[in-house]
Amino acid sequence: MSTIVFVDGENFQKKIRQVFAESGLKWDDKKYGQIRLKQLLKSALPDERLSAIHYYVAKLHVYPETKEKSEELVQLQRTLKSNLSSQGVRFIVSGNVRMYPLEKGELLFKEKGVDVRLAVDAISLAADKKIKTAVLCSSDSDMQPVVKELKRRKVRVIYLGFQTQPNRGLMYTCDETVLIRKNELKKYIIDTYQLKIRRFDDIKPPVSKRKTSSKR
């Protein structure tokens, strides 16, 4: 039996962006792409021995109406996948991002199917008795039925949220609550990104050696 973290990727990123905004920190999708997720989770959950981390996202599509932006988002997701996979995180693509036209030519993009896949995976593992503790990293109230079913199957459930506007309902229904602090996000997102940039900046071009001839 094991401890598994289930991360709703879009919800997780949305909450981090909210923390950044309220803290006066500048958001950049490229910073998030370099997140040291495994270290962040270990820092937030020092008493837990994490057996696996599942990170869920929806499949992105390139729409003609937003071709340039769509292609940019697809590339950012690929970068994130490569980064998380190198940390041993299981990157799970499920469902789709759908586009809905609104009034005045505006477009709305919504994920479909991610929370369902997360719920099915968690409950299936519980049914097979392959999980002892489930860490739900999502502040979506739709996770309440999942929490109820996991607890019915004697699985300990930890709600992993953020100090900024945590989900009070999940705090009440889960067995335990852990809230990620702003300084932890800064350490494992912003500082990581800045360090990566500095490493490139520190590379100095090779000094060319000129041959000198001595006149006698």
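The values are calculated or read from the model by the stated rules, or taken from the named source; none is laboratory data. Remember, it's a predicted structure, so these values are computed and weren't measured experimentally. Cβ atoms come from the backbone with ideal geometry, glycine included; neighbour counts cover every protein chain shown.
Summary table
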quantity: Selection status of Val157, of a type in the set (A, V, I, L, M), closer than 18 Å to Val7 by Cβ, in contact with a strand residue (DSSP E or B) (Cβ under 8 Å, 6 or more places away or on another chain) and not in a helix (DSSP H, G or I); calculated: yes
quantity: Arg152, sole failed condition from (1) over 21 Å from the mean Cα position of the chain (by Cα); (2) modelled with pLDDT of 85 or more; (3) closer than 29 Å to Ile35 by Cα; calculated: (3)
quantity: Selection within the stretch 1-60 - outside any helix (DSSP H, G or I), under 19 Å from Tyr159 (Cα atoms) and of a type in the set (Asp, Glu); calculated: Asp8, Asp47, Glu48
quantity: Test result for His61, farther than 20 Å from Glu184 by Cβ, modelled with pLDDT of 80 or more and surrounded by 13 or more Cβ atoms within 10 Å (Cβ to Cβ); calculated: no
quantity: Hits in the stretch 140-154 - residues which are in a helix (DSSP H, G or I) and in contact (Cβ under 8 Å) with a residue 12 or more places away in the chain; calculated: Ser141, Asp142, Met143, Gln144, Pro145, Val146, Val147, Lys148, Glu149, Leu150, Lys151
quantity: Cβ-Cβ under 6 Å pairs, at least 6 apart or on other chains, the stretch 168-183 side without any contact (Cβ under 8 Å) to a residue 40 or more places away in the chain, far side outside any helix (DSSP H, G or I) and of a type in the set (Val, Ile, Thr); calculated: Met171/Thr177; Cys174/Val157; Asp175/Val157; Glu176/Ile158
quantity: Close pairs from the stretch 124-139: first under 14 Å from Val7 (Cα atoms) and touching a residue at least 60 places away in the same chain (Cβ under 8 Å), partner surrounded by 22 or more Cβ atoms within 10 Å (Cβ to Cβ) and of a type in the set (Ser, Thr, Tyr), Cβ under 6 Å, at least 6 apart; calculated: Leu136/Tyr159
quantity: Selected residue [at pLDDT below 80, of a type in the set (S, T, N, Q), surrounded by fewer than 19 Cβ atoms within 10 Å (Cβ to Cβ) and out of contact with any helix residue (DSSP H, G or I) (no Cβ under 8 Å at 6 or more places or on another chain)] from Ser70, Ser51; calculated: Ser70
quantity: Residues being surrounded by 15 or more Cβ atoms within 10 Å (Cβ to Cβ), modelled with pLDDT under 60 and of a type in the set (Ser, Thr, Tyr) - total across the stretch 79-130; calculated: 0
